[in-house]
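The values are calculated or read from the model by the stated rules, or taken from the named source; none is laboratory data. All values derive from a computational prediction rather than experimental measurement. All Cβ positions, even for glycine, are placed from backbone atoms using ideal geometry, and neighbour counts span all protein chains on display.
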C-alpha cells in the first residue's frame, strides 16, 4: 500500500495584489486558494493560522469548499428571500439586477466575479455615477447574502474593492425658487387641489411621495402641525423613506388658512387626483426633502 505523506502546503503573498494564498496538492493537481488581503492578515504567521483548516482538508483528501454557485442563482435567492420590503427600494434593486447585472454576470460562478473586472465594467456603462453606485451596492448585497447562506466562502466582500467616484454627487443642481418665482408659479395654478399641493410641498419641504400620502386626518389644526407618516408611489401606500422623515412639522397661520380653503376639494387623501396623478404634471416635479434643521 502506497504511503500517504502529510503535506503542509505553502503560504505565500502575492505582492502585486497584496493577497495571501495557500497552495497545496490535490492528487496530481496543484491548487491555490486565497486567504485574504494583506490589510486584514498583516503577518505570515496569521496567514498560516488562516490556512490551517485548508491544510486539514487537504490531508483528509477532501477539497476545500469551492465556489460552484452561479451569481445568477445567488441573485435570484436574494431577490426571493432578502429583498427590501419597501416597494420602491425593492423595485430599484430588482431593476438593477435584472437589467444590468444578471445579463453580464449571471452565468458566472460567484468566485469568477472578480473586483477588477467589475471595476472595468463600470467604466463602460453609459450611466450616471449615482446609478453605478446603486448597482455596486446591490451586487454587494448579493455576495453578503451568499456568504450568509454558505453559498460562498466567507471573506472580505469582493465589491468592497470596487470604487465609484462621485457616486453621491448630483449631476444637475436643483432649481431653487425665489419668493417672486414662487408667486408667479402660483398665478398659473388655479385649480384645486393642485394649488394647495404645491403650497404645502414648498412650504413644508416634503418629498413628492410624502405629499401624495397626506390625509386630512394628519393635520392638527389646533396645534398647527402636520404629521408625515406615509408615502404613496405608483398608487401604493408605503412607509416614509427614512425614520427621520416620520415627524411632526410646524406651520404658520397663512398655510393653515390655505389648506382650509383647499379642504373644499376634500377626498380620502389630500392629493389623490383621480387615480393617475403620477402620470400628470406632478410626475414631472422633483420635490426634495429639506433637512430637519430647516423644516423645524
With respect to the numbered conditions (1) under 19 Å from the mean Cα position of the chain (by Cα); (2) surrounded by 15 or more Cβ atoms within 10 Å (Cβ to Cβ); (3) under 30 Å from residue 10 (Cβ atoms), which one is the sole condition not fulfilled by residue 69?
(1)
Is it the case, given these coordinates, that residue 15 is loosely packed, with under 10 Cβ neighbours inside 10 Å, closer than 26 Å to residue 116 by Cα and either touching a helix residue (DSSP H, G or I) at 6+ places or on another chain (Cβ under 9 Å) or at pLDDT below 85 (or both)?
no
Of the residues 227, 214, 204, only one is within 29 Å of residue 83 (Cα to Cα), surrounded by 19 or more Cβ atoms within 10 Å (Cβ to Cβ) and not assigned by TED's automatic domain parsing to the domain that holds residue 115; which?
214
Find all pairs meeting these conditions: Cβ atoms under 8 angstrom apart; at least six residues apart or on different chains; first residue within the stretch 73-87 and without any contact (Cβ under 8 Å) to a residue 24 or more places away in the chain; second residue part of a helix (DSSP H, G or I) and surrounded by fewer than 15 Cβ atoms within 10 Å (Cβ to Cβ).
83/90; 84/90
Total residues in the stretch 89-124, condition touching a strand residue (DSSP E or B) at 6+ places or on another chain (Cβ under 8 Å), farther than 15 Å from residue 159 by Cβ and either surrounded by 15 or more Cβ atoms within 10 Å (Cβ to Cβ) or outside the structural domain of residue 149 (by TED's automatic domain parsing) (or both):
2
Of the residues in the stretch 65-87, those that are in contact with a helix residue (DSSP H, G or I) (Cβ under 8 Å, 6 or more places away or on another chain) and either assigned to a helix (DSSP H, G or I) or on the phi > 0 side of the Ramachandran plot (or both) number 8
Could you please find all residues in the stretch 166-190 being surrounded by 10 or more Cβ atoms within 10 Å (Cβ to Cβ) and either farther than 30 Å from residue 204 by Cβ or touching a residue at least 60 places away in the same chain (Cβ under 8 Å) (or both)?
166
Yes or no: the stretch 100-108 includes at least one residue that is closer than 22 Å to residue 166 by Cα and in contact with a helix residue (DSSP H, G or I) (Cβ under 7 Å, 6 or more places away or on another chain).
yes
Take the residues in the stretch 18-64 that are part of a helix (DSSP H, G or I) and within 34 Å of the chain's Cα centre (by Cα), then tell me which one is modelled with the highest pLDDT.
47
Flag if residue 163 is touching a residue at least 40 places away in the same chain (Cβ under 8 Å) and within 30 Å of residue 17 (Cα to Cα):
yes
